[in-house]
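This report concerns only the one structure given below.
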Amino acid sequence: MQISRRQMLAMAGAGFLCPSASSAQELPSFIPTTVIDAAFDMTRRKGMMDMLVKRNVRTVFRYYAYKDQPERNLPHKVLRKPEAQALWEAGINIGAVFQYNNDKLESITAERGKADAEHALEYAESVIGQPGGSAIYFGVDGSWNGAAQIAGVMAYFTAVHSAFQQGGNRYRIGAYGSGLVLARLLDAGLVDLSWLALSRGWPGTREFYNSERWNLFQFSHHLWFGENQVDGNVINPMAADIGDFGRKAAAEPQDFATSFLLKDQFYFSNVRKAEIFEKPSDKSDVVKTLTLAHNPIVLQSANGWHAVSLDGTDRIAGYVKSDVLAPSDQMPTYK
């Protein structure tokens, strides 16, 4: 597989390439997804733990919540200690995010912020044994932008911030949401880390992505590990501390080269719908329609075509005309 010039430069700068290297030395031709998030227990899905290790997953983000939510098809939503131990034993870090009906506006209040923070703090320290210095994110899963809605978000995180202070600031605060929400929270000093949601239709998301203030960007809802679908995330190479943790300590920031290479390989679509062809020819069959919810990983590029992966592996799903995709350095507008 061909490696792009940007990827070659990144690897050279990180010491992956050197003049004295043997001509037979293999270069990393595919950088796997390093951070995933999922609402199921990794140990309850057949073969999942082995696949995490095989595909070099660095971090799995899992949920803190008051309880599992089978009514929302989330029977094993909450991270529990046996799963945490299994991930640590496999050499995989954990990221913690609190979310319990946080896609409903009535959940985003000062009262719920206080209760959510107190529950998350107690659960992190007493149940999971989350090391200090790491982070707990709180989800804001909505496209809210009115003055009253933003005021509710600010009140929620003001209460979260106060609860963390009262707890001795053992953990840092992260937020997951739209670009508008994350920018407001960072400007107010209410959060330390920001996780930008996938939806390009949410307010302020393009501007916030292009500002590079984010730590994590959720680039896909469509990655597959066997029969298990998860979300994929990239780490900002310039802000690579994401607050994840191992058994004994907060994790070190991801190295620049790895985070750059993965970010470099996913592309944005310039159009609402783009055709994926079976072969690099518009006379071949269309195998799928690419929507804005898919940010494909580009595996190869030649002669005006990109060979793309949609599932997070190095399997070519098809070919897309290069003029409908844009590199990940800037999120484009779309037609």
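Brief remarks on what is shown
- Test: residue in the stretch 229-237 that is of a type outside the set (Asp, Glu), closer than 25 Å to Tyr319 by Cα and either without any contact (Cβ under 8 Å) to a residue 60 or more places away in the chain or surrounded by fewer than 22 Cβ atoms within 10 Å (Cβ to Cβ) (or both): yes
- Members of the stretch 243-260 found to be outside any loop (DSSP other than H, G, I, E, B) and crowded, with 23+ Cβ neighbours inside 10 Å, listed by number: Phe245, Ser259, Phe260
- Flag if Lys114 is over 30 Å from Phe260 (Cα atoms) and loosely packed, with under 15 Cβ neighbours inside 10 Å: no
- Filtering Asn102, Asn56, Asn73 for residues that are under 25 Å from Pro32 (Cα atoms) and out of contact with any helix residue (DSSP H, G or I) (no Cβ under 7 Å at 6 or more places or on another chain) leaves a single hit, Asn56.
- Residue pairs meeting the criteria (Cβ under 7 Å; at least 6 apart or on separate chains; first hydrophobic (A, V, I, L, M, F, W, C), in the stretch 145-163; second surrounded by fewer than 18 Cβ atoms within 10 Å (Cβ to Cβ) and assigned to a loop (DSSP other than H, G, I, E, B)): Met154/Ala188; Ala155/Thr109
- If you go through the stretch 281-305 and keep only what is within 22 Å of Phe217 (Cα to Cα) and surrounded by 15 or more Cβ atoms within 10 Å (Cβ to Cβ), you end up with Leu290, Leu292, His294, Asn295, Pro296, Ile297, Val298, Leu299.
- In the stretch 39-54, the qualifying residues are those that are charged (D, E, K, R) and within 21 Å of the chain's Cα centre (by Cα), and the one that is surrounded by the most Cβ atoms within 10 Å (Cβ to Cβ) is Asp41.
- Qualifying residue in the stretch 169-189 (condition: touching a strand residue (DSSP E or B) at 6+ places or on another chain (Cβ under 6 Å), hydroxyl-bearing (Ser, Thr, Tyr), in the same structural domain as Thr258 (by TED's automatic domain parsing) and closer than 25 Å to Phe260 by Cα): yes
- Being at pLDDT 95 or above, closer than 25 Å to Gly312 by Cα, surrounded by fewer than 20 Cβ atoms within 10 Å (Cβ to Cβ) and among the small types (Gly, Ala, Ser) is a property that holds for Ala90.
- When the stretch 272-293 is limited to residues that are out of contact with any Asp or Glu (no Cβ under 9 Å at 6 or more places or on another chain) and hydroxyl-bearing (Ser, Thr, Tyr), the one that is modelled with the highest pLDDT turns out to be Ser281.
- Ala274 vs. criteria touching a residue at least 12 places away in the same chain (Cβ under 8 Å), part of a strand (DSSP E or B) and either aromatic (Phe, Trp, Tyr) or surrounded by 14 or more Cβ atoms within 10 Å (Cβ to Cβ) (or both): yes
- Residue among Gly304, Gly312, Gly318 that alone is in contact with a Leu (Cβ under 6 Å, 6 or more places away or on another chain) and not hydrophobic (A, V, I, L, M, F, W, C): Gly312
- Scan the stretch 56-75 for residues that are crowded, with 20+ Cβ neighbours inside 10 Å and either in contact with a Pro (Cβ under 7 Å, 6 or more places away or on another chain) or not hydroxyl-bearing (Ser, Thr, Tyr) (or both) and the total you get is 6.
- Some residue of the stretch 176-189 being of a type in the set (S, T, N, Q), touching a helix residue (DSSP H, G or I) at 6+ places or on another chain (Cβ under 6 Å) and in contact (Cβ under 8 Å) with a residue 24 or more places away in the chain: yes
The values are calculated or read from the model by the stated rules, or taken from the named source; none is laboratory data. These numbers were taken from a predicted model, which means no experiment stands behind them. Neighbour counts run over all protein chains shown; Cβ positions are idealised from the backbone, glycine included.
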